[in-house]
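A quick write-up on the structure given underneath.
No value in this document is a laboratory result; all are computed from the given coordinates. Keep in mind it's a predicted model, so treat the numbers as computed, not measured. Quick reminder, even Gly has a Cβ in these numbers, built from the backbone with ideal geometry, and neighbours come from all protein chains shown.
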Amino acid sequence: MTGTALVTGITGQDGTYLAELLLDKGYRVHGLAPVGGGGHVTDRTTLHYADLGDGSNLGTLLDQIAPDEVYHLAAQSHVRLSFDLPVYTADITGLGTLRLLEAIRLYQERSGRRVRFYQASSSEMFGKAVETPQTETTRFHPRSPYACAKVFAYWQTVNYREAYGMFASNGILFNHESPRRGESFVTRKITLAAARIKLGLQEKLRLGNLDARRDWGFAGDYVDAMWRMLQHSEADDFVIATGQTHSVREFLDEVFATLDLDWHDYVEIDEALFRPAEVDVLRGDSAKARRVLGWEPRVDFRELARLMTEHDLKLARAEAMAAG
């Protein structure tokens, strides 16, 4: 179906890719952004501002926008930062989802319209995973305030589906990256630093745990899965992953090799960057999404590292030119 879509967190990595996909499919796209928020947003979208820590104007916005689909991507999504800001993370990432679900429920009662809702759940919910790979039936064991908040939001989404008959789906997405990834996230931190080191703009790169293993995919592929979930005949929960794991160390190998550098000469380990409770390995099994939704990842790990490195090398060259 096409129609009107509301995307929360539209200024983030996933929000920008999703907005572009929806526009290409003929949707009218509205975005919810934090007050003062910036980011790469096409001028073909209509921006609105709201605070998920308050939510007082969500009902009014829903009345104005009259969305057919709501994609809820907004969150305090930095795992390490969530240890420093646990209450804020729980409020925005956890309770913020509940505020939006309740606003949609009341909007449906007022308008008689049916809204399809997508919740951006996270592989971090598995945390200290009890089995590998993780599937839709794997028990959660969150290991950070962020992951705990996401587990709360996940079960609220299931509860609103079961209690009120809402079309509410969870996408349990494993790590997904791109050139638009925030610079504080480890993959983008690596590609940007490597490019700057290559051009003599930076000398060292400080990192935490190099042995953490993740199932890394491309954000552009993963937003397609979000859309497919809301086109399905029934609301459900789906793991979205590549099924392959790579360590931070392997990502370093790929990125620095692309630039003909040896990362061992530049990387320093900083204990302050380790998480208080580490998640060692995450690997997802997306067989259900592949079977039911017809979804497949297209960009592999090596291609992802190359895309991000080449993008940041262009940024570094522009920085070097500006510096004279």
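A few notes on this one:
- Contour minus Cα-Cα distance for residue 109 and residue 270 (0.36 nm per residue): 52.7 nm
- Relative contact order for the stretch 198-324: 41 percent, from Cα pairs under 8 Å spaced at least 6 residues apart, divided by residue count.
- Selected from 197, 240, 172 as most flexible by GNM, with the chain as the system and alpha-carbon contacts under 10 Å: 197
- For the options 146, 118, 164, a Gaussian network treatment of the chain with springs between C-alpha atoms closer than 10 Å singles out 164 as fluctuating the most.
- Stretching the chain fully between residue 135 and residue 303 yields a gain of 58.0 nm (0.36 nm per residue, less the alpha carbon separation).
- Inter-part distance where the stretch 258-309 and the stretch 18-35 are each reduced to a Cα centre, Å: 27 Å
- Cα gyration tensor category, rounded, prolate or oblate, for the stretch 5-127 with a/c compared to 1.5: oblate
- Under 5 Å, built H, 5+ apart or other chain: amide partners of residue 33: 48, 49, 50
- Cβ-Cβ FRET estimate between residue 262 and residue 233, R0 fixed at 45 Å, reported to 0.05: 0.30
- Counting charges near residue 209 (Lys, Arg +1; Asp, Glu -1) among other residues having Cβ under 9 Å from its Cβ returns a value of -2.
- FRET efficiency, 1/(1 + (r/R0)^6) with R0 25 Å, evaluated for residue 81 and residue 51 via beta carbons: 0.85
- Structural descriptor for the stretch 41-192: relative contact order 25 percent, calculated from alpha carbon pairs under 8 angstrom and at least 6 residues apart.
- Relative contact order (%) - criterion: Cα under 8 Å, at least six apart; region: the chain: 18 percent
- Antiparallel bridges, percent of DSSP beta bridges restricted to the chain (to nearest 5): 5 percent
- When the stretch 275-324 is described by a simple charge dipole with +1 on each Lys and Arg Cβ and -1 on each Asp and Glu Cβ, the residue from 316, 279, 289 located farthest towards its positive end is 289.
- Ranking of 71, 27, 49 by neighbouring Cβ atoms within 10 Å, starting from the fewest: 49, 27, 71.
- Residues of type lysines that residue 288 reaches as a straight line, Cα spacing below 26 Å, ignoring anything fewer than 8 places off in the same chain: 25, 128, 150
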